[in-house]
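To start, the structure under review is shown below, and the notes come after it.
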Amino acid sequence: MSDSNKHVTWGARFEQGPDDLMLRIGESVSFDQRLAKYDIQGSCAHARMLAHIGILTQSEANDICAGLNKILQNIEAGCFEWDIEFEDVHMNIEQALTQLVPVAAKLHTARSRNDQVATDMRLWFKDSCERIDTALTRSIGALVGLAERNKNIIIPGYTHLQRAQPVSIAHQLLAYIEMLDRDRTRISMLFEQANICPLGSCAIAGTTLPIDREFVALELGFVNDDGQPNITQNSMDAVSDRDLFIDFTTACATIGIHLSRIAEDFILWSSSEFNFIRLPDAFTTGSSLMPHKKNPDAFELIRGKAARLVANVQLIMTLVKGLPLSYNRDLQEDKPPVFDSFDTTSLILETLSECLPGIEVNKENCALAVADPSLLATDVVDYLVLKGLAFREAHHVVGELVALSEKTKIPLNDLPYDMVSAIHPDLDRDWSLVFNIDRALDAREHTGMPGPKQIASRLAYWRSLI
Ligand code: ARG
């Protein structure tokens, strides 16, 4: 049993201190100490508000803020002693502060750890959204760079992992950019949802004391575009709402899913079977057994880590499901998965950004793959449609040409003209002109298509944004 006196914040009604196991299961300081900066910000704003309404004098509030800053310096210097006997980041800081500044015994007036942790997390979410946005923007920049360096290289585009139609490699890289840009939108919406101050909700039902919630919100930067304070509208909801946790982990999971798909394409492209790209040595590893191996570990791990991002969503949802209002201690378990989602998302985005500049595209092999004439079979259909054939009939005609090519083992574009014209009279001698990749891409210049002008303008657009 530990010494109950240590539990100054709530110990009075207890005859016995908590069991060591209670301390171990109850502590969150091992993981919530990373909230220290936000907790101190929140406490300082709260102290200023208490001075504003006359519960503290200005000089008491100044002393408290100075003490809090000193503690923050110690924490950042790594010389603050965290103690699981004080459970969490909030009580660790409060007890250290009270030793330094005895008047800090007034700091917890009109506040509970319930609205305190909700506030800390909202500040953390705002900061984390900004960081993820920066990381996403860097990844977009790296993709733009890779696309610009390989603007003219054409590869087969795949559906069902079967060769479909030719695209520039830039077109595929631009597809990844669209995915990451949607992630940026999701993250910026999350920032807005986080930008509402729950402080003043206290434990569940607010306080009888004459607090000024708007004052605190303004101090902490919970403001709208007009500079007006944003504050939560229901104290019970404010201390039990974990929607941001669900939404944040979901947004991170979506980023993970996007990156896993990008990673998978690069893994395939780097295999001997495709051989479209060479991955940088610095982001691959060798085999302890097979001397020739060069494994795409960075991308495999990006793909693998996406699994934990998906699992973290599950964890938070399961945690909150069926939980009665309002705060329950279960909710302390909300932080590790959210922190893990942030750390993992940051890591995989950074890895992608650093790896892309070292990727080399193997021009010769791309050219070899894209020389497959069947990639332009659909363009032959379009050729017949322009001659007036119904699409379904044109599709059928080209299907017969493909079957003939397979049966005779003659490449589609080399089929003798008498065989071709026998299939349909609208297949004039100029039909073979369709088998020209540049022509095929030049013909695709509507918005969103892989025509070279489209690609150049999209690349210029993204270049101007980053
Ligand atoms: N460490 C707690 C958490 O993260 C802070 C809130 C504690 N509230 C309470 N009523 N015990 O959830």
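The values are calculated or read from the model by the stated rules, or taken from the named source; none is laboratory data. Since this is a predicted model, take the numbers as computed values, not measurements. A quick note on method: Cβ atoms are made from the backbone with ideal geometry, for glycine too, and the neighbour counts reach across all protein chains shown. Calculation scope for accessible area: heavy atoms of the full protein, side chains included, ligands and nucleic acids excluded. Shrake-Rupley method; radii C 1.70, N 1.55, O 1.52, S 1.80 Å.
Once the C-beta distance of residue 372 and residue 463 is scaled by a Förster radius of 30 Å, the resulting FRET efficiency is 0.40 to the nearest 0.05.
Structure note, pairs 126/305; 305/335; 151/409: Cα-Cα distances above 30 angstrom occur for 151/409. Other residues whose C-beta falls under 14 angstrom from the C-beta of residue 421 contribute a net charge of -3, scoring Lys and Arg +1 and Asp and Glu -1. Rounded to 0.05, the FRET efficiency of the residue 236 and residue 79 pair, given R0 = 35 Å and the Cβ-Cβ distance, is 0.30. In terms of the Cα gyration tensor, with a ≥ b ≥ c the square roots of its eigenvalues, is the range 198-257 rounded because a/c is under 1.5, prolate because a/b exceeds b/c, or oblate? Oblate shape, in that a/c is at least 1.5 and b/c is the bigger or equal ratio.
Mean projected area of the convex hull spanned by the Cα atoms of the range 1-103, taken over all viewing directions: 6.8 nm². Relative to the longest principal axis of the Cα atoms of the chain, the long axis of helix 169-194 makes an angle of roughly 20 degrees. Split the accessible area of the chain by element, probe 1.4 Å, and carbon with sulfur accounts for 53%. Residues in the range 376-423 average 58 Å² of solvent-accessible surface per residue, probe 1.4 Å, ligands and nucleic acids excluded. FRET efficiency for the residue 402 to residue 268 pair, using the beta carbon distance and R₀ = 35 Å, is estimated at 0.90. Please state the shape class of the range 200-342: rounded when a/c is under 1.5, otherwise prolate if a/b exceeds b/c and oblate if not, all from the C-alpha gyration tensor. It is prolate, given that a/c is not under 1.5 and a/b is the larger ratio. Near residue 227, within a Cβ-to-Cβ distance under 14 Å, what is the net charge of the other residues, with Lys and Arg +1 and Asp and Glu -1? Computed value for this residue: -4. How much net charge surrounds residue 383 when only the other residues with a Cβ under 10 Å from the Cβ of residue 383 are counted, with Lys and Arg +1 and Asp and Glu -1? Once positives and negatives cancel, what remains is -4.
Taking 0.36 nm per residue of sequence separation and removing the Cα-Cα distance, the residue 294/residue 148 pair yields an extension gain of 49.9 nm. Model label points for residue 361 and residue 438, set 7 angstrom from Cα along the Cα-to-Cβ axis, are 1.6 nm apart.
In a simple Cβ point-charge model (Lys, Arg +1; Asp, Glu -1; nothing else charged), the chain has a dipole of about 660 debye relative to its Cα centre.
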